[in-house]
Amino acid sequence: MIKKILEKENLSPEDLLTLIKIDNPQDLQLLFDKAYETKLKYIGNKVYYRGLIECSNICIKNCKYCGIRRDNKNVDRFALSKNDILDISRWIYKNGYGSLALQSGERTDKEFIDFIEDTLKDIQKISNNSLGITLSLGEQTLDTYKRWLKAGASRYLLRIETTNRELFKKIHFDDDLHSFDKRLQALKDLRTAGYQVGTGVMIGLPDQTYEDLVSDIIFFKENDIDMIGMGPYILHEETPLGQSSVGKILSDEKRFELSLKMIALCRIYLKDINIASTTALHALDPLGREKGILAGANVIMPNATSKSIKPKYQLYRGKPNLEDDAITGKLALEKSLKSIGEEVVYFKQGNSPHFYNRTK
Ligand code: 5AD
Ligand code: SF4
């Protein structure tokens, strides 16, 4: 039965539900093989890097699952200077990564908006405008998105976290700062501004159902999303959700497996989009990123932030490679990707083919 479904060109919501519920190794392998075949068809045996810069862990939000939420007083807050960011950007550029990603907690004050705008311009200067820049800096206004795009960014990642409104309310506070409708509007604004738009969800949240995850995949399609970054939910004991969900979520192995299934289904269903094999997968399995690629992902975001900063940016516990320099990680990853038949593409941005297809 699974074989028959996988032969279809277009899957129905019922098909997606059947596939996400697969519970035996043979059918699971069929699913991953189909997803990888689809990746080869639309992307090739290629992996694109985005050198990740964790700019600051200062955040105005209080998401109940996140280790750097505003109310966590145990966090040693930092913000990299423009020079720090430019140094790391130079390293990324010199090492042939075609793209970088700036990520930080959310801030919407003028100083922050100006700082990012200024930094983006300088990053493009040092790279002769050749780097693809992804931003992951939270909800902003349309005007801010436009300014940052003009200053040199071209992609934006803003996760919807879950498309189930009730679940969204449970894992955030039900207030103006954490509003589902505002998040939806922000995704629309990003499109209006002209970004390649990325979103994603956490997988294996308490009370999240298979139906919820299928609705997430359909949401990505209906909103014509260009890129997806998603991964397993991982507890952080200094957070309200981390404390209340002990014993109430699937095992690490099952959340990991479910995340791979989500990647595979997104590849099969959405075909020409970029999908990241995220660090959260790596946190649950030392070969998590490679397994994500074999399930259909095509983007990896190696952490380029210095090892003195990395431990301060812990959204969840068990963040991998905290002791490694960027260069150590780079060589090891390249070797293991090669061993699974994948080639890392250097000096190219690796934009979402879907973005070109929808805008040409
Ligand atoms: N487990 C997994 N992912 C998390 N994020 C935040 N906290 C956690 C956690 N405990 C993810 C969210 C957010 C992204 C920056 O990190 O999806 O959008
Ligand atoms: Fe802030 Fe993002 Fe963490 Fe929410 S998930 S508290 S917005 S860093």
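Summed over region 64-79, residues that are crowded, with 21+ Cβ neighbours inside 10 Å and touching a strand residue (DSSP E or B) at 6+ places or on another chain (Cβ under 8 Å) total 1. Considering region 129-147, and only residues there that are within 16 Å of ligand 1 (Cβ to nearest atom) and farther than 12 Å from Arg107 by Cα, the residue that is surrounded by the fewest Cβ atoms within 10 Å (Cβ to Cβ) turns out to be Leu135. Counting the residues of region 223-251 that are within 19 Å of the chain's Cα centre (by Cα), away from ligand 2 (no atom under 16 Å from the Cβ) and surrounded by fewer than 23 Cβ atoms within 10 Å (Cβ to Cβ) gives 2.
Scanning region 350-360 for residues that are buried (at least 20 other Cβ atoms within 10 Å of the Cβ) and of a type in the set (S, T, N, Q) returns a single hit, Ser352. Within region 308-315, can one find any residue that is away from ligand 2 (no atom under 16 Å from the Cβ) and under 25 Å from Leu337 (Cα atoms)? No - not one qualifying residue is present in region 308-315. Being surrounded by fewer than 14 Cβ atoms within 10 Å (Cβ to Cβ), more than 15 Å from Ala276 (Cα to Cα) and touching a strand residue (DSSP E or B) at 6+ places or on another chain (Cβ under 6 Å) is a property that does not hold for Glu334. Each residue in region 98-119 was checked for being within 13 Å of ligand 2 (Cβ to nearest atom) and of a type in the set (Asp, Glu), and 1 of them qualify. Count of region 232-257 residues, restricted to those that are within 15 Å of ligand 1 (Cβ to nearest atom) and either of a type in the set (Val, Ile, Thr) or on the phi > 0 side of the Ramachandran plot (or both), is 4. Does at least one position in region 167-185 carry a residue that is surrounded by 22 or more Cβ atoms within 10 Å (Cβ to Cβ), within 16 Å of ligand 2 (Cβ to nearest atom), at pLDDT 95 or above and in a helix (DSSP H, G or I)? Checking region 167-185: at least one residue is surrounded by 22 or more Cβ atoms within 10 Å (Cβ to Cβ), within 16 Å of ligand 2 (Cβ to nearest atom), at pLDDT 95 or above and in a helix (DSSP H, G or I). The residue that is farthest from Ser179 (Cα to Cα), among those in region 17-60 that are crowded, with 18+ Cβ neighbours inside 10 Å and basic (Lys, Arg), is Lys34. Looking across region 154-181, the residues that are in contact (Cβ under 8 Å) with a residue 60 or more places away in the chain, of a type outside the set (D, E, K, R) and within 14 Å of ligand 1 (Cβ to nearest atom) come down to Leu157, Ile171, His172, His178. In region 72-83, the residues that are within 14 Å of Glu54 (Cα to Cα) form Cβ pairs under 7 Å with partners that are of a type outside the set (D, E, K, R) and modelled with pLDDT under 95, at six or more places apart or across chains, as follows: Phe78/Ile309. Looking at (1) over 30 Å from Ile20 (Cα atoms); (2) touching a residue at least 40 places away in the same chain (Cβ under 8 Å); (3) among the small types (Gly, Ala, Ser); (4) in contact with a Lys or Arg (Cβ under 6 Å, 6 or more places away or on another chain), which is the only condition Gly200 fails? The single condition Gly200 does not satisfy is (1).
The values are calculated or read from the model by the stated rules, or taken from the named source; none is laboratory data. None of the values given here were measured: they were computed from a predicted structure. No Cβ is skipped: glycine too gets one built from the backbone with ideal geometry, and neighbour counts run over all protein chains shown.
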